[in-house]
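> Okay, here's the structure, questions in a sec.
The values are calculated or read from the model by the stated rules, or taken from the named source; none is laboratory data. Note that the structure is a prediction, hence the values are computed from the model and not measured. As a convention, Cβ positions derive from the backbone with ideal geometry for all residues, glycine included, and neighbour counts pool all protein chains shown.
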Amino acid sequence: MAEDTALVREGLAALFTDAGHAVVAKLTDAETIDAVVTEHEPDLVLVDVRMPPTYSDEGLRAAMALRSRGIPVLVLSQHVETTHAVELVGTGGGFGYLLKDRVLDVDAFLDTAVRISRGGSALDPDVVTALVQAGRREDPLDALSPREQEVLALMAEGLTNAGIARRLWCTERTVESHVRTILTKLDLPFGGDDHRRVLAVVTYLRTRADRPTYEDR
């Protein structure tokens, strides 16, 4: 883990160690991350965004380099930085971006870290909002049928396939078919299904403010 604040760094290390995980390195800057990762080959790298020497986006730039090597990364910060964040979200499963102040459940946080190390994804809602505001203004939802847009809207509410099926009074198999079609039509990068669902929701949220959804028409 790379975290320049001593109390946060040691506290996080204690949490992971107490949960049975091995913390192979605790760094105070982003400059040595690459060499340390090459040496230890960890299952997950946890980085802050703003670190020495400039306290700008060192952590995100380090995360970009790690993701280019296929290494799972969890960004944990007090700040939402959109620089590089869109590219990081698009690198496939094995990436998360959480805000320190919004981590309220330690067990859930540790479970999320494990999920990311295994190819899953996790984005704080505030991070998603920032990406929406910083994103492009194309309209990929035109490729979806009204029913597919309805399913995507419910995905954005956080419903599972089973929950969507109950809401729409259809079978879960039908919802699964719609979801597969949505992911294909939106031309999302390949990765874990959970990660592609996150990308689909981000795509929906980006366009939501610029056009009416199926329910608004």
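> For the range 104-116, check the following and say yes or no: at least one residue is within 20 Å of residue 187 (Cβ to Cβ) and not in a loop (DSSP other than H, G, I, E, B).
Within the range 104-116, not a single residue is within 20 Å of residue 187 (Cβ to Cβ) and not in a loop (DSSP other than H, G, I, E, B).
> Quick check on residue 138: is it at pLDDT 85 or above, among the charged types (D, E, K, R) and more than 30 Å from residue 58 (Cβ to Cβ)?
no
> Tell me, which residue of the range 82-103 that is in a loop (DSSP other than H, G, I, E, B) and β-branched (Val, Ile, Thr) is surrounded by the most Cβ atoms within 10 Å (Cβ to Cβ)?
91
> Would you tally the residues in the range 189-217 being of a type in the set (A, V, I, L, M) and modelled with pLDDT under 75?
Qualifying residue count, the range 189-217: 1.
> List every residue pair whose Cβ atoms sit under 9 Å apart, with the two residues 6 or more apart in sequence or on different chains, where the first one lies in the range 1-23 and is surrounded by fewer than 17 Cβ atoms within 10 Å (Cβ to Cβ) and the second, anywhere, is among the basic types (Lys, Arg) and at pLDDT 95 or above.
Matching pairs, first to second residue: 10/26.
> Within the range 37-81, count every residue that is in contact (Cβ under 8 Å) with a residue 60 or more places away in the chain, crowded, with 17+ Cβ neighbours inside 10 Å and more than 15 Å from the chain's Cα centre (by Cα).
1
> Which condition does residue 21 not pass, out of (1) under 29 Å from residue 197 (Cβ atoms); (2) at pLDDT below 95; (3) in a loop (DSSP other than H, G, I, E, B), if it passes all the others?
(2)
> I need the full set of residues from the range 95-108 which are free of Cβ contacts under 8 Å to residues at least 40 places away in the same chain and not basic (Lys, Arg), in order please.
Selection gives 96, 97, 98, 99, 101, 103, 104, 105, 107, 108.
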